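Structure first, commentary second.
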Amino acid sequence: MKKGTKVLIGVIGVLAVLYAVGCFYFADHFIFNTTINGINVSLKDATTVSEAISNRTPILKIVQKDSRGEEVIEHIDLTNDCDGTMSFDVTDILSKQNRFLWFVTALTGADYQSTPVDYDYSEEKLLNEVAGLYCLQGENIIYPTDAQIVYENGELQIINEDNGCYIDEDTVWEIVSESCNDALKMGNDLTVNLTSSYVTADVTSESQELQDKISEFNEILDKSVSVYVDGYLARTIEPGEVKEMLAMNNSEFYVIDEKAGEMAREIANEYYVSDYKYIDRSVLKARIITALLEDYDSTVTVNYVISVKGYVDVSISNQMLYYYENDVLVLSSPVVTGDQDDPEYYTPTGTFKVRKKDVDCVLRGDDYVENVDYWIGFDSTGTIYGLHDASWRSEFGGDIYLTDPSHGCVNMPTDKIAELYKRIPMGAEIYIHN
C-alpha cells in the first residue's frame, strides 16, 4: 500500500472518530455556535443552560416625556426591584438540534428562542416602582387645558390649548403591568413607551366647535337691539354699545348687569309718565339681557304699567302687613320688623312712599351680607329701609321680632312679597305704626 493512501485512510479515520465523538457528545450538549435568547450556550448541557437563562434579569425601559415633550427614560429591574423569577426548560430545544449534522451547525450557527415554563413577581413591589415613576410625581404633572375664547377690548381672541404633561395613573399601571408579564413570559428586556398615552386637550384651536363659537359670537357682537315702548321705537342699541355691555367667562358671553341696569334705567326715566304709569325697569332689564345674547338683530318690547292707587299698612305690635288697592284689602301677611326698644334694630314709624323697586339685591351691614329676591325701598333714598323677603326665616309674625328682629327692614315671606312686588306701584304710601 502506498504511503499517500495510508495517510488518507488515517485522516478519514481521525475524522470519523471526531464525528462519532461529536454525535455522542452533542446528544446532551448544545453544538458550537448555538444561542438561546441571545446567550451563547455552546457545549453546555440543558440543565446548565436552563439555569443560566432563568438567572437573567429582564429590564423594563420606561419611556415618558416632560413638559417640553422631551423623552424621560427610567428602568425597572424586574428581578431585583420586583422579585421577578423565571423557570426555563430547554431540553425540548436540545432534542430538536440535529447532532448528526453538528459540524454544519458549528459552521452556520443556530439561534433559538425559549419562553419560561413558569414565572412570578411581586405585584406590590411593581406598584411601588410604578408609583415612583417620573410621570406620576406631582411636580411633573401639568394637566391639559383646552383652547378657549377670550374677549378683550371688544375683540375676540383664541388662547391655544396646552396639552400639558399628564398621564392617568391607572393607564400607567395597566401598560406597565402588562409589559411586566410580557417581559417575564418571553424572558426578554422590553421597552415600554408611554408617550402616546398622555392625555391631551379635548378642544384645540382648530376644533370645529371653537370655530363655530367664534362665528356665533361675532354675530352677537355685530348686531343691534331695538327697544320699543308701547309700540314706539324708544332706543336702538348699536353694535358698539352691545360690545361694551358684554363680557366673557369660561368662553361664554354674559351681560354686564350694571350696564344692562343702567340702560333700562335711562329708557325708563326718559319715558316715565307718573307713579301710576311707568315702565317696569326689572322687566325691561331682563328683556334687554336676553336680546343682547341673541346672535341676530333683535327687538325688545315693553308696555307701560298702569297702576291703581296702592296703600300699605304695617302694624308693629301685631306684626302684620296689609295692602289695599283703591281702599280694598287685597293682600295680608305676617312680618318680622325691628325691635322698637333697641335703637340698633329699630324700624322707623310714620308715613313713607315707595322710592325704589328692585330684584336680586344684596343687603350689606356691619355683620351680615344677605341676598334677597325682592326689594321695596321706602326711605328717602329707597336704599336703607325696605320691605323684602327673608329666605333665612322659616316663620314670621308673633313675637319673633322681640328675640330675632330684623335690622330695621320689614321681612316678609317670599311668596307674599312676590305678589306685593307685582302689585304695588312706585310712590305708593306705606304707613308704619306701633
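So which residues in the stretch 373-388 are part of a loop (DSSP other than H, G, I, E, B) and either among the basic types (Lys, Arg) or out of contact with any Asp or Glu (no Cβ under 8 Å at 6 or more places or on another chain) (or both)?
Hits for the stretch 373-388 are PHE378, ASP379, SER380, THR381, GLY382, THR383, ILE384.
Every residue, every condition in (1) touching a Cys at 6+ places or on another chain (Cβ under 8 Å); (2) closer than 19 Å to GLU51 by Cα, yes or no:
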site	(1), (2)
VAL63	no, no
GLU70	no, no
ILE93	no, yes
ARG99	yes, no
LEU107	no, no
ASP118	no, yes
GLU124	no, no
ASN128	no, no
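Looking at ASP373, ASP341, can you tell me which residue is surrounded by fewer than 19 Cβ atoms within 10 Å (Cβ to Cβ) and over 28 Å from ARG265 (Cβ atoms)?
Being surrounded by fewer than 19 Cβ atoms within 10 Å (Cβ to Cβ) and over 28 Å from ARG265 (Cβ atoms) holds for just one of ASP373, ASP341, which is ASP341.
Looking at the stretch 167-200 only, could you name the residues that are part of a helix (DSSP H, G or I) and among the aliphatic types (A, V, I, L, M)?
VAL172, ILE175, VAL176, ALA183, LEU184, MET186
Among the residues that make up the stretch 286-297, is at least one of them under 20 Å from GLY408 (Cβ atoms) and not polar (S, T, N, Q)?
no
Which members of the stretch 160-176 meet the condition of being loosely packed, with under 15 Cβ neighbours inside 10 Å and touching a residue at least 24 places away in the same chain (Cβ under 8 Å)?
Result: ASN160, ASP168, GLU169, THR171.
Among the residues of the stretch 389-412, what is the count of those that are surrounded by 15 or more Cβ atoms within 10 Å (Cβ to Cβ), out of contact with any Asp or Glu (no Cβ under 7 Å at 6 or more places or on another chain) and assigned to a loop (DSSP other than H, G, I, E, B)?
8
For the stretch 317-352, name all the residues that are over 21 Å from ILE400 (Cβ atoms) and either free of Cβ contacts under 8 Å to residues at least 40 places away in the same chain or polar (S, T, N, Q) (or both).
Within the stretch 317-352, TYR324, ASN326, ASP327, VAL328, LEU329, THR351 meet the criteria.
So, in the stretch 244-271, of the ones that are polar (S, T, N, Q) and touching a residue at least 40 places away in the same chain (Cβ under 8 Å), which residue ends up surrounded by the most Cβ atoms within 10 Å (Cβ to Cβ)?
The residue in question is SER251.
Please enumerate the residues belonging to the stretch 352-368 that are part of a strand (DSSP E or B) and at pLDDT below 90.
Matches in the stretch 352-368: ARG364 only.
Just to check your reading of the model, which residue among VAL49, VAL72, VAL41 is modelled with pLDDT of 90 or more and either touching a helix residue (DSSP H, G or I) at 6+ places or on another chain (Cβ under 9 Å) or surrounded by 14 or more Cβ atoms within 10 Å (Cβ to Cβ) (or both)?
On inspection, the qualifying residue turns out to be VAL72.
What strands (runs of 3 or more DSSP E) completely inside the stretch 3-105 contain at least 1 residues that are basic (Lys, Arg)?
By residue number, 59-65.
Just to be sure, is LEU184 at pLDDT 90 or above, closer than 23 Å to CYS135 by Cβ and surrounded by 15 or more Cβ atoms within 10 Å (Cβ to Cβ)?
no
Condition test on ASP189, is it without any contact (Cβ under 8 Å) to a residue 40 or more places away in the chain and farther than 29 Å from TYR254 by Cβ?
No.
The values are calculated or read from the model by the stated rules, or taken from the named source; none is laboratory data. All figures in this text were calculated on a predicted structure; none of them were measured in a lab. Every residue, glycine as well, gets a Cβ built from its backbone with ideal geometry; the counts of neighbours run over all protein chains shown.
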